[in-house]
Each structure stands twice: as structure tokens, then as C-alpha cells.
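The values are calculated or read from the model by the stated rules, or taken from the named source; none is laboratory data. None of the values given here were measured: they were computed from a predicted structure. FYI the Cβ positions are ideal-geometry reconstructions off the backbone, even for glycines, and counts take in every protein chain you see. The accessibility values were calculated without ligands, DNA or RNA, using every heavy atom of the protein model including side chains. Shrake-Rupley method; radii C 1.70, N 1.55, O 1.52, S 1.80 Å.
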Amino acid sequence: MEENNQLELNDLFMEKDETIKPLSKIKQSFEDKIEILKNDFECLINLANKMVNKVKDEETNNDNMIKQFKKYETIESDIVKLNVGGTMFSTLKSTLTKK
């Protein structure tokens, strides 16, 4: 009788052990996949940050270009072209005097 009980206990432990192995494999697989997702999200976050920084840099460059263009636009609008005896001369409006 005692030997029968021992065999039943052994069978129960073996069944439990066989159940634990697949569960531990599933758990490990799940943890591995979570790690992969975590790494993918880190890559996406880094890419998004780089893109935001690039857009900010381009915005700054565009603002600087617009400021530079406005300087030339002001100078260009202040320049007067004169045809004197068939020869073209350019001068600033501020240097012309009225008589």
C-alpha cells in the first residue's frame, strides 16, 4: 500500500514537472518578445527625437535665410538704376538729392 502511495506521488510530481517545463518556456518566450518590443520602441523613440531635432534645425536655418533675404530686399528696393547718356548707373535713393 505504501509503495502504491509512493508511486502515485511520483506520478503527481512528474506530471507537475512536465507542466512546469512548458510554462517556463512560454514565460521565457514572452519575456524575450517583450525585450524585443522594448528595443524596437527605444529605436522608434530615438528616431523620432532625431527627426524633431532635424526639423528644429531646418526651421532655424529657414528663419535665418528669411532674415538674410529681407536685408537684401531692403537694399534692393533702395537702389535706383539711372541711365546717363546710355550708361547704366546704380545708386542708393538716400544718396540722391533733389534740386
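Values for this structure:
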read-out: Simple label model, 7 Å out from Cα along Cβ direction - residue 88 to residue 45, nm; value: 6.0
read-out: Ranked packing of 40-49, 84-93, most packed first, by mean Cβ within 10 Å; value: 40-49, 84-93
read-out: Integer Hz, Karplus 6.51/-1.76/1.60 couplings in order for the range 38-46, x for Gly and Pro; value: 4, 5, 4, 5, 4, 4, 5, 5, 4
read-out: Heavy-atom SASA rank of 50, 70 (probe 1.4 Å, accessible area, largest first); value: 50, 70
read-out: Amide H contacts of residue 80 (H built 1.01 Å from N, under 5 Å, at least 5 apart or other chain); value: 91, 92, 93
read-out: Local electrostatic count at residue 91 - Lys and Arg +1, Asp and Glu -1, tallied over other residues with Cβ under 11 Å; value: +1
read-out: Local net charge near residue 47, Cβ-Cβ under 13 Å (Lys/Arg +1, Asp/Glu -1); value: 0
read-out: Backbone HN-Hα couplings from phi across the range 78-85 [Karplus 6.51/-1.76/1.60, Hz, Gly and Pro as x]; value: 8, 8, 10, 9, 10, 9, 10, x
read-out: Heavy atoms of residue 34 accessible to a 1.4 Å probe, total area in Å² rounded to 10; value: 80
